[in-house]
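As structure tokens, the structure follows; a few thoughts come after it.
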Amino acid sequence: MLKIEGLVTGYGSIKALKGIDLEVPAGSIVSLIGANGAGKTTAMKSLSGLLKPESGRIIYKGKQIQGLAPHKIVSLGISLVPEGRNILSQMTILENLEMGAYQRKDGQVAADLRSVFNRFPVLEERKNQLGGTLSGGQQQMLAIGRAMMAKPDLLLLDEPSMGLAPMVVADIFKVIKEINQEGATVLLVEQNVRQALKIAHYAYVLETGKIVYNGTAEEVAANPRVKEAYLGGSKTTV
Amino acid sequence: MFWQQLVNGLTLGSTYSLIALGYTLIMGVLNIVNMAHGEIFMFGAFVGLLLVTHLKVNIFVAMLGAALTGAILGIILERVALRPLRRKAVSHLAPLISTIGVSIFLESVALKLFGPQSRDFPSSFTAAFEFGPMRISLVQIFILAVSFSLMLVLRFWLAKTKIGKALRATAENIETANLLGVNTNKIIVLTVSLASALGSVAGVLVGLSFNAVEPTMGITMGLKGLAVLILGGMGNITGAMLGGLILGIAEVFSVAYGNSSYRDAVAFGMIIVILFIRPQGLFGSRDQQGGK
Ligand SMILES: Nc1ncnc2c1ncn2[C@@H]1O[C@H](COP(=O)(O)OP(=O)(O)OP(=O)(O)O)[C@@H](O)[C@H]1O
Ligand SMILES: [Mg+2]
């Protein structure tokens, strides 16, 4: 469904991505893991149109999409849940969700709102409160719910577990798995490697702008270097 | 006396609010001060005046013409002075300077086209009504009705419509809005043209109210609008509406109960005092300057 070839993206003279190749088969969960500053967010921003790649290609459903503006990429069926969630804090929870469906013209928006509320009842209870009043975990639910309102074929998630309590993290991963089972393809950026590899089918390891290792989630989890660097002391990643 | 002055103050203040809303919308979405807003306001006044005097249209058509002219000027302003600077590594003062450039240009064009002298704004309604001790002219009622309706419609539009919500989302976080599928460039053009259309209509109202239109009117009124922008809390719509009314009332009362030569001193002095107490403005929150 998505294929990245030789993608280079930089900030001025700093190249944060030094030519990466990555493939996301339709229906799968692919996890992109790596340490702080590896370039994961840069990759997500390049995919969603926030950053213009310097070279390389992003092919989605057979079409080249690199360099398109973010709203054009949304209209192709790709939604990003950005790092830090970016909830519209001055708008209500309901308005945040409505904004998620901004480009939709089909008649299914109400039904999808219903299913977001069913999945996250707390959002319905608080639908008329401002986004800024939610806790971190609730904001992540809202961010995911908002992305689902666009009915994306490909969901990009940038560190959805960041800063959340372990219980909430487990919930979020469960929801990601469900969303995938309901048909969305998922590209998941995580530092919570253990959990990410549990739900992913394939994984790519990114180090300072380069893919150093990739394979099925089991292969990656069994790789000695990955074990040492990301799954090492069982307490560093839960 | 008191009620009379209050009505006079509200009338004047409602035009300030309208002008300030233009600054506020642009500040909210783009985080910049549009220094050409006063001149767009002045152009609106002239277009309204010319439509009334030369084409003999009624005042509503004249306002519509002014609004359209304002919207077009806004679109040009965005193209010429704002868009080229966006997402470039330029100082955040650059748009301030480029809009000052546009304001100087517009004022010179107005001087060439319309001449330096002040012109009368003939109004077809000279009637006035007595309410007890109050005397309210039809012009005042007209100004109050037009500016309050515009403010109400704007509020409703921002709160309830899809595009209004997209504008608010863009104002809060342009990147997020873009990621949700909003064509933020279109929203920016819409914002600048809407702000300019409101400013132009305000120009017609002020022309009517003072019965005078001149090329330099944009500077004084522009400054008042800017003061209201800051008073209201940089980018806050409610703040701009109330701030304008407060400034208008303060001015009128300082003339009525004090000395007319201190009119602006009192009004701006009051703004300084309010800002001492609430540096973020009436409705701005501390961490939220510039609508971010
Ligand atoms: N706006 C920027 N300007 C300059 N350099 C940047 C910018 N954003 C990121 N970088 C650099 O690019 C590299 C990759 O950053 P990126 O945010 O993509 O990493 P990441 O893998 O998402 O890290 P984290 O896990 O901390 O979110 C880092 O070295 C970072 O310092
Ligand atoms: Mg990141």
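No lab work stands behind these numbers, since they all come straight from the coordinates. All values derive from a computational prediction rather than experimental measurement. Using ideal geometry, Cβ is built from the backbone for each residue, glycine included, and neighbour counts are taken over all protein chains shown.
Just to be sure before I move on: is residue A:6 within 13 Å of ligand 2 (Cβ to nearest atom) and surrounded by fewer than 20 Cβ atoms within 10 Å (Cβ to Cβ) in the structure I sent?
So residue A:6 fails the test.
Test of understanding: among A:142, A:157, which residue is within 21 Å of residue A:113 (Cα to Cα), within 16 Å of ligand 1 (Cβ to nearest atom), hydrophobic (A, V, I, L, M, F, W, C) and within 14 Å of chain B (Cβ to nearest Cβ)?
A:157
Given (1) out of contact with any strand residue (DSSP E or B) (no Cβ under 7 Å at 6 or more places or on another chain); (2) in contact (Cβ under 8 Å) with a residue 12 or more places away in the chain, identify the lone condition not met by residue A:224.
(2)
crowded, with 20+ Cβ neighbours inside 10 Å and farther than 29 Å from residue B:159 by Cα, is that true of residue B:46?
yes
Can you find a residue in the stretch B:84-93 that is in a helix (DSSP H, G or I) and either within 20 Å of residue B:150 (Cβ to Cβ) or without any contact (Cβ under 8 Å) to a residue 60 or more places away in the chain (or both)?
Taking every residue of the stretch B:84-93 in turn, at least one turns out to be in a helix (DSSP H, G or I) and either within 20 Å of residue B:150 (Cβ to Cβ) or without any contact (Cβ under 8 Å) to a residue 60 or more places away in the chain (or both).
I'd like to check something: does the stretch A:114-128 contain any residue that is within 13 Å of chain B (Cβ to nearest Cβ), among the aliphatic types (A, V, I, L, M) and touching a Gly at 6+ places or on another chain (Cβ under 7 Å)?
no
Taking the condition of being within 17 Å of residue A:83 (Cβ to Cβ), away from ligand 1 (no atom under 16 Å from the Cβ) and not aromatic (Phe, Trp, Tyr), how many residues in the stretch A:162-207 meet it?
Matching residues across the stretch A:162-207 total 4.
Would you point out which residue out of A:89, A:79 is within 11 Å of chain B (Cβ to nearest Cβ), assigned to a loop (DSSP other than H, G, I, E, B), more than 13 Å from ligand 1 (Cβ to nearest atom) and hydroxyl-bearing (Ser, Thr, Tyr)?
A:89
Which residues, counting only those in the stretch A:181-213, are part of a helix (DSSP H, G or I) and more than 12 Å from the chain's Cα centre (by Cα)?
Hits for the stretch A:181-213 are A:181, A:193, A:194, A:195, A:197, A:198, A:199.
When the stretch B:19-77 is examined, which residues are found to be under 16 Å from the mean Cα position of the chain (by Cα) and among the hydroxyl-bearing types (Ser, Thr, Tyr)?
B:23, B:24, B:69
Given the criterion without any contact (Cβ under 8 Å) to a residue 24 or more places away in the chain and either surrounded by 20 or more Cβ atoms within 10 Å (Cβ to Cβ) or not basic (Lys, Arg) (or both), identify the matching residue among B:225, B:248, B:181.
Checking each option against the conditions leaves just B:181.
List the helices (runs of 4 or more DSSP H) inside the stretch B:176-292, counting only whole elements, that have at least 2 residues being under 17 Å from the mean Cα position of the chain (by Cα).
B:184-210, B:217-232, B:237-256
Does residue B:81 count as among the small types (Gly, Ala, Ser) and either assigned to a helix (DSSP H, G or I) or under 15 Å from residue B:193 (Cα atoms) (or both)?
yes
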